[in-house]
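So that we are looking at the same thing, I have put the structure below in C-alpha cells.
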Amino acid sequence: MATAHDDEPVRYGDHSPGATEAPVRYSLQGPVATVTMNRPEYRNAQNSAMTYALDRAFYRAAADDEVKVVVLAGAGRHFSAGHDIGSPGRDAHLPFDRAAGLWWDHSDKAGAEQRFARESEVYLGMCRRWRELPKPVIAAVQGACVAGGLMLAWVCDLIVATEDAFFADPVVRMGIPGVEYFAHPWVMPPRVAKEFLYTGDRMSARRAYELGMVNRVVPRHELADRAGELALRIAELPRLGLALAKRAVNQAEDLQGLHPGLDAAFALHHLAHAHNAETAADPLGGMDVDAMRQRSGAAARRPGGTEPANPRAAEA
C-alpha cells in the first residue's frame, strides 16, 4: 500500500568515483509517486546508471496498485541538462541488463553497431517505454531542460515548469539533427521547431506555455506543491479511465506520424554520428565538454543568442 515516507534510493550501478548517493530517489505521498533524478552536482546529467534506475522506479510505480499518478522531478537547481558527456560517472562504455528492447549488448561492439545498439536501448527505447507507462506522469521542471532532459519531459503527459525554466536542443552544433527522441514537430509548430534546432537557443517556460508544450508555469518555490496538487487532483479519477484516456491520446499522436517519425529521425541521427566518425574527431563531431562551452558562449555573445545551461551534458 502506498503511504507517505522519506525518499528511497534507486540504484543501478552508479560508477561515479566515490559515489555515495543513488542516481534516482523514489518517494510516495498517498496515491502519488515522485521519481527524482539525483545528480544535482552534474545538473542531473543522465548516465546509464541513472537511466536504468529511472526505469526501475517507473516500473515500480506502474506495478503499485495504490499509485495513481507519477511526478518526475530533478534534484537541485536544474531538471536535467541532458545526457552525460563529461562527468566522472559517464558510463556509456559499460554493459547493463537491457530492458527496453532486444538489441544486443553494445559494450563489446565497435563503430556504428556499438552506438546504434546502445542508443536504441537507453535513449529511443527507454523513452518509448516510459511514454507508455499506463498512469499519468507529470514532469516538474526547473532550470535547465536541455537535450536529453527534453526527451524526459516530452515523454511525460503534462509539464509544470517554473518561471525560470528553459528548454533547448543545441546538438545541431555537433552536426546532428536533434536528440534521439525527435518529438520536436509534435510538441511545437514545425517552423518553431526549425528555429529551435537551427539556433540552439533557449525557449523560456512562458514561450513553451504559449505554444502548448508546457501546461502550467509557476514560481520556483511553488513547483513541488503545484505539481503535487495537480497530481492529487488527477488521482481522484478512476485508474482505468486515466490509462485509457492516455492511450487514446498517445495513439492519436502515433496516427499523426509520431512513431514512424521518431524512427526516421533516429536513422538520420545515426547517419550524422557515422559521418562525424569519418570526418571529425569522434561521433560527436569533436564537441566535448569544453567545445560545447566555447560554442555556447559564442552563441550567447551574438544578438539574441543564449547559452545552454550545462556543458557537462547535451550529448546527442
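The values are calculated or read from the model by the stated rules, or taken from the named source; none is laboratory data. What you are looking at is a predicted structure, and each value in this text was computed from that prediction instead of being measured. Ideal geometry is used to build each Cβ from the backbone, glycine not excepted, and the neighbour counts take in all protein chains shown. For accessibility, only protein heavy atoms count, side chains too; no ligands or nucleic acids. Shrake-Rupley method; radii C 1.70, N 1.55, O 1.52, S 1.80 Å.
Largest first, how would 204, 120, 80 line up by accessible area (1.4 Å probe)?
If we order 204, 120, 80 from most to least accessible, we get 204, 120, 80.
Please give the per residue accessible area of the stretch 154-296, computed with a probe of 1.4 Å over protein heavy atoms only, in Å².
51 Å²
How would you order 188-201, 143-156 from highest to lowest mean count of nearby Cβ atoms within 10 Å?
143-156, 188-201
In the neighborhood of residue 156, defined by Cβ-to-Cβ distances under 14 Å, what is the net charge if each Lys or Arg adds +1 and each Asp or Glu adds -1?
Here the charged neighbours net out to +3.
Mind listing the phi-derived Karplus ³J(HN,Hα) values for the stretch 175-187, rounded to whole Hz, using 6.51, -1.76 and 1.60 with θ = phi - 60°, and x for any glycine or proline?
Karplus values, whole Hz, x for Gly and Pro: x, 10, x, x, 5, 5, 8, 8, 9, 3, x, 9, 9.
Give me the one-decimal nm value for the distance between modelled label points at residue 221 and residue 132, 7 Å along each residue's Cα-to-Cβ direction.
Each label point is offset 7 Å from its Cα along the Cβ direction, giving 4.4 nm.
If amide H atoms are built 1.01 Å from N in the plane of the peptide, which residues on other chains or at least 5 residues away come under 5 Å of the amide H of residue 159?
Residues meeting the amide H criterion: 139, 215, 216.
Let me ask something else. Ranking request for peptides 220-227, 268-275, 47-54, 108-115: highest mean number of other beta-carbon atoms within 10 Å first, then the rest in descending order.
In decreasing order of mean packing, 220-227, 268-275, 47-54, 108-115 become 47-54, 268-275, 220-227, 108-115.
Related question: Search the structure for amide H atoms under 5 Å from the amide H of residue 24, placed 1.01 Å from N in the peptide plane, and list their residues when 5 or more places away or on another chain.
HN-HN under 5 Å from residue 24: 10, 38.
Just how many % of Cα pairs in the stretch 145-266 lie over 26 Å apart, if you round to the nearest whole percent?
26 percent
Could you compute the net charge surrounding residue 195? Neighbours are other residues with a C-beta less than 13 Å from the C-beta of residue 195; K and R count +1, D and E count -1.
For residues surrounding residue 195, the net value is +2.
Could you tell me what percent of the accessible area of the stretch 83-200 is made up of carbon and sulfur, with a 1.4 Å probe and every protein chain present?
Of the solvent-accessible surface of the stretch 83-200, carbon and sulfur hold 58 percent.
Moving on to the next point. Roughly what % antiparallel, to the nearest 5, for the DSSP beta bridges in the stretch 25-109?
40 percent
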